[in-house]
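Below is one structure, written out as structure tokens; comments come after it.
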């Protein structure tokens, strides 16, 4: 246990200097907490779009987390962002601390439920901080693993956008074998609901999940934009190591 705490401390010290960007990479979160499990995680996203100022943009996130109790997981993370092929700027954009809470034992009720709260501290000049909450749902139906996240976010501090922002993330997967699963994901960024469909970001696409080796998992997918405000295509990848 001492070794786990030491490794987590060192990893957290690394990622705390990296940045945070809300709604950056696409993942659908489960409500579960594994007490005593420490992990590190890399998330990457790459945009392909007809708009040259957007196409080629990418975000990489680095996270380290630990299951403190049976119901509470804490994660420290950050990201580095490149803002598009033509602009060519790569920036550290903030840091974040995320707390996830598992509120129902798996399988005991109609759905498994939890929530998370994250605070992002912006490191760019004149950029606001952010706070984001998620309601996390999970349900097994006919061999399918189904996840749903309802997302509520708000900028805070100087230069903040004075409206609450909303989002939705859905995922459903089915096992191919004992190590791999295939699925479909949906992501919606509604903004403040003031804008119409074409001004909101909506994406859908196939995803693949699996275990590379014991303790090392991955997911990848291709999200297709189905509204004008979404990138035409976003390629996502996640690699996590639990110890």
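Which ones in region 56-81 are in contact with a helix residue (DSSP H, G or I) (Cβ under 7 Å, 6 or more places away or on another chain) and without any contact (Cβ under 8 Å) to a residue 60 or more places away in the chain?
Of everything in region 56-81, those that are in contact with a helix residue (DSSP H, G or I) (Cβ under 7 Å, 6 or more places away or on another chain) and without any contact (Cβ under 8 Å) to a residue 60 or more places away in the chain turn out to be 62, 63, 64.
Would you mind telling me which numbered condition in (1) within 16 Å of residue 61 (Cα to Cα); (2) in contact (Cβ under 8 Å) with a residue 40 or more places away in the chain residue 102 fails?
(1)
Taking the stated definitions as given, is residue 153 surrounded by 15 or more Cβ atoms within 10 Å (Cβ to Cβ) and touching a helix residue (DSSP H, G or I) at 6+ places or on another chain (Cβ under 8 Å)?
The answer is no for residue 153.
Taking region 171-188, which residues are at pLDDT below 95 and surrounded by 12 or more Cβ atoms within 10 Å (Cβ to Cβ)?
179 - this is the single residue of region 171-188 that is at pLDDT below 95 and surrounded by 12 or more Cβ atoms within 10 Å (Cβ to Cβ).
Could you tell me which of the residues 144, 193 is farther than 26 Å from residue 75 by Cα and surrounded by fewer than 13 Cβ atoms within 10 Å (Cβ to Cβ)?
193
The values are calculated or read from the model by the stated rules, or taken from the named source; none is laboratory data. Computed from a predicted model, the values in this text were never measured in an experiment. With ideal geometry, Cβ positions are generated from the backbone for all residues, glycine too; neighbour counts draw on all protein chains shown.
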